[in-house]
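For reference, the structure discussed in these notes is given below.
The values are calculated or read from the model by the stated rules, or taken from the named source; none is laboratory data. Since this is a predicted model, take the numbers as computed values, not measurements. Neighbour counts are summed over all protein chains in view; Cβ atoms, including those assigned to glycine, are modelled from backbone coordinates with ideal geometry. Side chains included, ligands, DNA and RNA excluded: accessible areas come from the protein's heavy atoms. Shrake-Rupley method; radii C 1.70, N 1.55, O 1.52, S 1.80 Å.
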Amino acid sequence: MHAVILAGGKGVRLRPYTTALPKPLMPIGDSHSILQIVLDQLASRGFTSVTLAINYLGPLIRAFVGDGHRWGLTIDYVEEDQPLSTVGPLFALKDRLPDDFLVMNGDVLTDLDYGDLLRTHKLSGAGLTLATSERVHQIDFGVLDVDAGRVVGFREKPALHYPVSMGVYGMSRRTIEPYPAGLALGFDQLVLDLLAGGEPPVTYPFDGFWLDIGRPEDYDEANRSFPQLKPILLPGRPAPLGATLGGRTAVGDPLTVADPLTGAAPLTGAAPLTGAAPLAVADPLAVGDQLVGADLAAGAELSAVVRAGEPA
């Protein structure tokens, strides 16, 4: 499965935070960025490849993400020469995209199952599927129902319920075929075009956690709540067979089995790890167990770890 992450915006509403960092790289908690969480989630849901659409401070995103090997993903990039809004970056990718793919904003925190959304989209036959979340707006006044100047109904401070777009979409390539590369177009106009053409999008209702980090107060709330949200957003996945440690590994903090064990695992501490001895695992590993840095070696092969929870 393939995903396109829209990560080129300037994050104007989050200034001054975004004067130095692009919004997808804003830190959440002590050791994660928004984009890191999203890539972890995509990999855990079965996605194998990602395209990042970048513009503002794009080199920082490239430097952080690289080719995606630390997530077990194949990652490439498309860079905007000019702002193309939210759908426009896709038009230059038509020859590189599969028939059906996921599109999402790079500033979304949610525990939505991205894989299930894309599978549901494929089965629907629609050209566009919008993930939606219900929002409630409380009216602070009595609301009158009026017909020809006469009051025909009255509701005291009603609560209005309505679905909103989460910024996560299942899309078919045919939906963007009519649009030329370089055209600036937003999802709002795309939806209107589909309605006018008699191809209405479908929805994927979702009632779990969702936070669009668009304002400073949203960002502050995400950081305050992250210790409680982490088990929901990053439930963890098994250590992959044959994973290796290398690069910046160092003796220090323990590495939790729930974290990916690929690429440069973020073990921190004072002394560098040396040697290349294989990691011996005497007991079964369960998700949440910890591997202490002192017991590991740089480049150690974790082939003994077949799957979290199973004997080595």
Give the stretch 198-211 a look and list any residue that's assigned to a strand (DSSP E or B) and touching a helix residue (DSSP H, G or I) at 6+ places or on another chain (Cβ under 7 Å), or say none. 202, 204, 211
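Residues are listed down the side, and each one gets a yes or a no for (1) assigned to a helix (DSSP H, G or I); (2) within 25 Å of residue 49 (Cα to Cα):
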{"site": "78", "(1), (2)": "no, yes"}
{"site": "119", "(1), (2)": "yes, yes"}
{"site": "130", "(1), (2)": "no, yes"}
{"site": "162", "(1), (2)": "no, no"}
{"site": "169", "(1), (2)": "no, yes"}
{"site": "174", "(1), (2)": "yes, yes"}
Checking residue 64 against (1) more than 21 Å from residue 230 (Cβ to Cβ); (2) open to solvent by 60 Å² or more (accessible area, probe 1.4 Å): exactly one of these is not met. Which one? (1)
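Quick one: how many residues across the stretch 147-160 are outside any strand (DSSP E or B) and either open to solvent by 80 Å² or more (accessible area, probe 1.4 Å) or at pLDDT 95 or above (or both)? Explain how you work it out, then say what you get.
First, pick out the residues of the stretch 147-160 that are outside any strand (DSSP E or B): 148-149, 157-158.
Now drop any that are not either open to solvent by 80 Å² or more (accessible area, probe 1.4 Å) or at pLDDT 95 or above (or both), which leaves 148, 157.
Summing the residues that are outside any strand (DSSP E or B) and either open to solvent by 80 Å² or more (accessible area, probe 1.4 Å) or at pLDDT 95 or above (or both) in the stretch 147-160 gives 2.
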Being modelled with pLDDT under 90 and among the polar types (S, T, N, Q) narrows 86, 74, 120 down to just 86
What number of residues within the stretch 22-76 satisfy the criterion of being over 22 Å from residue 222 (Cα atoms) and part of a strand (DSSP E or B)? 9
Quick check, is residue 112 open to solvent by less than 60 Å² (accessible area, probe 1.4 Å), part of a loop (DSSP other than H, G, I, E, B) and within 30 Å of residue 223 (Cα to Cα)? yes
Pairs only if they're at least six apart or on different chains, beta carbon under 6 angstrom, first in the stretch 144-158 and without any contact (Cβ under 8 Å) to a residue 12 or more places away in the chain, second among the small types (Gly, Ala, Ser) and surrounded by fewer than 10 Cβ atoms within 10 Å (Cβ to Cβ); list them, first residue then second. 145/153
Can you pull out the residues in the stretch 181-229 that are over 29 Å from residue 128 (Cα atoms) and either more than 21 Å from the chain's Cα centre (by Cα) or surrounded by fewer than 17 Cβ atoms within 10 Å (Cβ to Cβ) (or both)? 216, 217, 220, 221, 223, 224, 225, 227, 228
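Which residues, taken from the stretch 127-149, are out of contact with any helix residue (DSSP H, G or I) (no Cβ under 9 Å at 6 or more places or on another chain) and hydrophobic (A, V, I, L, M, F, W, C)?
At the first step, the residues of the stretch 127-149 found to be out of contact with any helix residue (DSSP H, G or I) (no Cβ under 9 Å at 6 or more places or on another chain) are 132-149.
If the condition is that a residue be out of contact with any helix residue (DSSP H, G or I) (no Cβ under 9 Å at 6 or more places or on another chain) and hydrophobic (A, V, I, L, M, F, W, C), then 136, 139, 141, 143, 144, 146, 148 are the ones that fit.
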Could you say which residue among 180, 201 is touching a Gly at 6+ places or on another chain (Cβ under 8 Å) and under 30 Å from residue 82 (Cβ atoms)? 201
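How many of the residues making up the stretch 80-109 are in contact (Cβ under 8 Å) with a residue 60 or more places away in the chain, of a type outside the set (Asp, Glu) and not in a strand (DSSP E or B)?
Summing the residues that are in contact (Cβ under 8 Å) with a residue 60 or more places away in the chain, of a type outside the set (Asp, Glu) and not in a strand (DSSP E or B) in the stretch 80-109 gives 16.
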